[in-house]
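Comments concern the structure below.
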Amino acid sequence: MSIKQTIRRYVLENFLFTDDDSALQDGDSFLAGGIIDSTGVLEIMLFIEETYDIKVEDEEMLPENLDSIDNLVAFVQRKQAVAA
Amino acid sequence: MNAIPRLLQEILLTAVARHPERTALVAGDARLSYREVADYACRLAQALRACGVERGDRVVIFMDNGWRCAVSIFGVLLVGGVFVTVNAQTKRDKLAFILRDAGARVLLSEPHLARVFGPVAEQLPALRVLCTADAEALPAGVENLNEALAEAPVTPPPQSAITLDLAALLYTSGTTGEPKGVMHTHQSLLFVLDSINEYLGFSQDDRLFSALPLNFGYGLSQWFSAVRAGAMLVLERSFTYPAQVFKRMHDEAVTSFASVPTIYAMMLAQDAKQPLRFPSVRLLTNAAAALPVEFIPGLQRIFPNAGLCKMYGQTECIRSAYLEPARAKVKPESVGCAIPGTKLLLLDENRRPVAPGEVGILYVRGPHVMRGYWNQPEKTAEVLAPGPLPGEFILKSGDLFRQDAEGDFYFVARNDEIIKSRGEKVSPAEIENAIYSLPSVREAVVAGIPDSLLGEAVCAFVTPREGDKLSVQQIKRACSERLENYMVPKHVLLVSELPRTENGKLSRKLILERYAALITESV
């Protein structure tokens, strides 16, 4: 599964509790959509840390890195590129 | 202008008369002076008047926790209306309930919430909906608030409210599942505000920080405290992205930080990885849930120059007790004494005083006590008891306390089944109702279990109907479609049978005894 598919599935299952792909667009802001809140963002962070074996620094906990599927995918790819 | 304000909006008008160019509010990209806040609020009041809003009419503010929400509160007050702030996380059914229950004349909202309020507004033809919009397309029947504001004059419309009129309906979770509108008057809110500002000692040089929602007393009082003192409020939408929040706190050199134990727990965890320091903060406050004593040393490291003020309250009176910083070190487990100008009483089931040192139900006496629950005389009668003087009412809290020889109070236990998660009041019945919306559910019981981050975690125990398929995901989804995020159960346990008392009643106590260990193990 691609990074995008994996993250999409995780967010849909754990925050929207659905497998309906149309429930979320890749560019939708989690915050503006009321999809996640402060504990949700910690769960997403732990998920990508474990799944992709990366370390998210506190100062990287920003909407531009975490607040949509697109942002998450780009962030994971950047982190993997640095680690490689 | 009166030296002693009679109406809540006068605190804004006084501040703008004294120092129009001082910064009142920083939120997101917005930085508003007192003059800008007052101008916007006056325009909004005029736009509301053009919609027919008169003295006593309810206006629901369904907006993100940002500058528009904060300023709109004063707009509603300036037209003589009653503001009803509703959390932006609220889902369709609950929003519809509140709009109907309050008999709202106008709904103020923002375009990205249209998917929630759009279908609701269609069902309420008498409701006027005003939505901020620049280029966004609005649903049919929704009026453009920005256009209405552009045409409105910058003077407040004439209005004739008096201090005994309602200023706010603050909806709060009830044990029966339906939210109740707590009625506060201009007088009760002004009173509690002055009492709070007295013991916290805010001045116009303070820069208050809050990421608390404006729809509940603790968050709302941050904004009112700031305006009353002529100070500045730095308002964040939430604590979702801590790095962003911390940067804002540093950049604005905030002097006061108001939060709840869940956020403090998160900050302590971050501090353990990489030190967090906020030397500009002089005052740290905690409310909404009891602060674990073991948090205190760590918080003093993070806020090296701050005194910690522990507070206790409820929507029905906003604030009941406080423990000032000097005494917090001596009595870290106490919530202190009654806020200035009020009394706290410990009474038994027959409303007689308990013996010194004994546990009793906490009652609150003072001008800050609500007028009751909107349209709910029976529920009001359960919590407002006759006071010492004719026509006076004292407030029965949902909590059991004891008092030491010096008069300081200690929380013992809740006297009802409300769960406190992330500092939010969570009604088990409200969640159970959401779960029962699934036809495959036979029985559902919701209870709180201790959680190091959340205080209590919401936990649902569900039995399916025989032969029916039911999944944990279905249950969580049913909840997330109807409830605010913090109410969605963290744990769901599907079981074949729920334990009952000898009388055949479902018992939270027995259920927790039997199953809590299963959940703790699975975490």
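The values are calculated or read from the model by the stated rules, or taken from the named source; none is laboratory data. The shown structure was predicted, so the numbers you read here are calculated from the model rather than taken from an experiment. Here the Cβ positions follow ideal geometry from the backbone for every residue, glycine too, while neighbour counts run over all protein chains shown.
Candidates B:195, B:203: the one that is of a type in the set (Gly, Ala, Ser), surrounded by fewer than 22 Cβ atoms within 10 Å (Cβ to Cβ), in a helix (DSSP H, G or I) and at pLDDT 95 or above is B:195.
For the condition more than 14 Å from the chain's Cα centre (by Cα), more than 22 Å from residue B:38 (Cβ to Cβ) and not hydrophobic (A, V, I, L, M, F, W, C), what is the one hit in B:248, B:228? The conditions single out B:248.
When B:42, B:69 are checked against the criterion of being in a helix (DSSP H, G or I), over 27 Å from residue B:238 (Cβ atoms) and either modelled with pLDDT of 95 or more or within 14 Å of chain A (Cβ to nearest Cβ) (or both), B:42 stands alone in meeting it. For residues that are among the small types (Gly, Ala, Ser) and outside any loop (DSSP other than H, G, I, E, B), scanning just region B:317-327, find the one that is modelled with the highest pLDDT. Taking the candidates together, the pick is B:321. Looking across region B:1-44 at every residue that is of a type in the set (Gly, Ala, Ser) and touching a Phe, Trp or Tyr at 6+ places or on another chain (Cβ under 8 Å), the one that is nearest to residue B:230 (Cα to Cα) is identified as B:15.
Yes or no, residue by residue, for (1) part of a strand (DSSP E or B); (2) among the aromatic types (Phe, Trp, Tyr); (3) in contact with a Phe, Trp or Tyr (Cβ under 8 Å, 6 or more places away or on another chain); (4) surrounded by fewer than 17 Cβ atoms within 10 Å (Cβ to Cβ):
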| residue | (1), (2), (3), (4) |
| --- | --- |
| B:305 | no, no, no, yes |
| B:315 | no, no, yes, no |
| B:346 | yes, no, yes, no |
| B:362 | yes, no, yes, no |
| B:378 | no, no, no, yes |
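Table: residues versus (1) farther than 23 Å from residue B:267 by Cα; (2) touching a strand residue (DSSP E or B) at 6+ places or on another chain (Cβ under 7 Å); (3) at pLDDT 95 or above.
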site: B:293; (1), (2), (3): no, no, no
site: B:305; (1), (2), (3): no, no, yes
site: B:329; (1), (2), (3): no, no, no
site: B:334; (1), (2), (3): no, yes, no
site: B:344; (1), (2), (3): yes, yes, yes
site: B:368; (1), (2), (3): yes, no, yes
site: B:381; (1), (2), (3): yes, no, yes
site: B:384; (1), (2), (3): yes, yes, yes
site: B:400; (1), (2), (3): yes, yes, no
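Tallying residues that are polar (S, T, N, Q) and within 11 Å of another protein chain (Cβ to nearest Cβ) within region B:260-302 yields 3. The condition of being crowded, with 22+ Cβ neighbours inside 10 Å, among the aliphatic types (A, V, I, L, M), away from chain A (no Cβ under 14 Å) and outside any helix (DSSP H, G or I) holds for only one of B:208, B:212, B:220, that being B:208.
When residue B:121 is tested against (1) more than 19 Å from residue B:213 (Cβ to Cβ); (2) surrounded by fewer than 19 Cβ atoms within 10 Å (Cβ to Cβ), only condition (2) is not met. Checking B:425, B:476, B:490 one by one, the residue that is without any contact (Cβ under 8 Å) to a residue 24 or more places away in the chain and either among the basic types (Lys, Arg) or closer than 30 Å to residue B:311 by Cα (or both) is B:476 and no other.
For region A:44-84, residues that are more than 14 Å from chain B (Cβ to nearest Cβ), in a helix (DSSP H, G or I) and either touching a helix residue (DSSP H, G or I) at 6+ places or on another chain (Cβ under 6 Å) or surrounded by fewer than 19 Cβ atoms within 10 Å (Cβ to Cβ) (or both) total 16. Give the residues of region A:8-24 that are outside any loop (DSSP other than H, G, I, E, B) and more than 9 Å from every other protein chain (Cβ to nearest Cβ), sorted by residue number. Correct list: A:8, A:9, A:10, A:11, A:12, A:21, A:22, A:23.
Of all the numbered requirements in (1) part of a loop (DSSP other than H, G, I, E, B); (2) surrounded by 13 or more Cβ atoms within 10 Å (Cβ to Cβ); (3) within 13 Å of chain B (Cβ to nearest Cβ), residue A:39 misses one, and that requirement is (1).
Considering only residues that are at pLDDT 95 or above and touching a strand residue (DSSP E or B) at 6+ places or on another chain (Cβ under 9 Å), which ones fall in region B:388-398? Once the filter is applied, which keeps residues that are at pLDDT 95 or above and touching a strand residue (DSSP E or B) at 6+ places or on another chain (Cβ under 9 Å), region B:388-398 yields B:392, B:393, B:394, B:395, B:396.
Could you tell me whether region B:461-479 includes any residue that is touching a Cys at 6+ places or on another chain (Cβ under 8 Å), buried (at least 16 other Cβ atoms within 10 Å of the Cβ), at pLDDT 85 or above and closer than 30 Å to residue B:401 by Cα? Checking region B:461-479: not a single residue is touching a Cys at 6+ places or on another chain (Cβ under 8 Å), buried (at least 16 other Cβ atoms within 10 Å of the Cβ), at pLDDT 85 or above and closer than 30 Å to residue B:401 by Cα. How many residues does region A:25-36 contain that are among the small types (Gly, Ala, Ser), within 11 Å of chain B (Cβ to nearest Cβ) and on the phi < 0 side of the Ramachandran plot? Qualifying residue count for the region: 3. Can you name every residue in region B:90-112 that is buried (at least 22 other Cβ atoms within 10 Å of the Cβ), within 14 Å of chain A (Cβ to nearest Cβ) and touching a residue at least 60 places away in the same chain (Cβ under 8 Å)? Those that are buried (at least 22 other Cβ atoms within 10 Å of the Cβ), within 14 Å of chain A (Cβ to nearest Cβ) and touching a residue at least 60 places away in the same chain (Cβ under 8 Å): B:90, B:94. If you go through region B:228-276 and keep only what is touching a Ser or Thr at 6+ places or on another chain (Cβ under 8 Å) and among the aromatic types (Phe, Trp, Tyr), you end up with B:239, B:257.
Residue B:115 fulfils the conditions (1) within 17 Å of residue A:33 (Cβ to Cβ); (2) within 23 Å of the chain's Cα centre (by Cα) except for a single criterion, (2).
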